[in-house]
1. Counting only residues that are surrounded by 17 or more Cβ atoms within 10 Å (Cβ to Cβ) and not in a helix (DSSP H, G or I), how many does the range 74-113 have?
2. Can you pull out every residue in the range 75-86 that is over 12 Å from the mean Cα position of the chain (by Cα) and within 26 Å of residue 42 (Cα to Cα)?
3. For residue 132, which of the numbered conditions (1) modelled with pLDDT of 90 or more; (2) more than 25 Å from residue 50 (Cβ to Cβ); (3) not small (Gly, Ala, Ser) fails to hold?
4. Is it fair to say residue 69 is among the acidic types (Asp, Glu) and modelled with pLDDT under 90?
5. Identify, by number, the condition in (1) among the polar types (S, T, N, Q); (2) surrounded by 17 or more Cβ atoms within 10 Å (Cβ to Cβ); (3) modelled with pLDDT under 55 that residue 2 doesn't meet.
6. Condition first: of a type in the set (Gly, Ala, Ser), modelled with pLDDT of 95 or more and farther than 14 Å from residue 99 by Cβ. Now tell me which residues in the range 72-88 satisfy that.
7. Would you mind telling me which numbered condition in (1) modelled with pLDDT of 95 or more; (2) in contact with a strand residue (DSSP E or B) (Cβ under 8 Å, 6 or more places away or on another chain) residue 95 fails?
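The values are calculated or read from the model by the stated rules, or taken from the named source; none is laboratory data. All figures in this text were calculated on a predicted structure; none of them were measured in a lab. Note that each Cβ is placed from the backbone with ideal geometry, even for glycine, and that neighbours are counted across all protein chains shown.
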Amino acid sequence: MSFRVRTHGLSRTASLQNPKINGQVNGVQTSVYVEPSSNASFRVIVIDCSAWSFIDPKGIKTLTSIIREYQDAEVEIWLASCSGDVQEMFEKMSFYKTLGRDKIFATIHDAVIHWKCRNTRRESKAESVTKL
């Protein structure tokens, strides 16, 4: 599941499932092109939102589409460093129904620590089951 993001004529490749998602971030038109691939080895993506001073309803709709596509592929999306204005818009647009508050972190570091703790607990449970 890979996708290519074009912004200001630059192109990057990453992962997803939907053929094309268009949106605007801080007034910059962004297109996401998606190609199927089955080699996703990750389970969580943390998006750094520190550069987002504002998000409009169309941006939330685009973000919601991306989150749902990844959920279908069993990949979680977490957000980090969201400004107060962005979180206020999330509240107004009922975005927290799509992405729970437990997946929004103050910093990227907090998200990584949470992921590490969660994986450590899972590994401990797996070891205790194997020992039985």
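1. Total meeting the criteria: 12.
2. Answer for the range 75-86, where residues must be over 12 Å from the mean Cα position of the chain (by Cα) and within 26 Å of residue 42 (Cα to Cα): 81, 82.
3. Result: residue 132 fails condition (1) only.
4. For residue 69, the condition - among the acidic types (Asp, Glu) and modelled with pLDDT under 90 - is not met.
5. (2)
6. Listed by number, the residues that qualify are 81, 83, 84.
7. It fails just one condition, (2).
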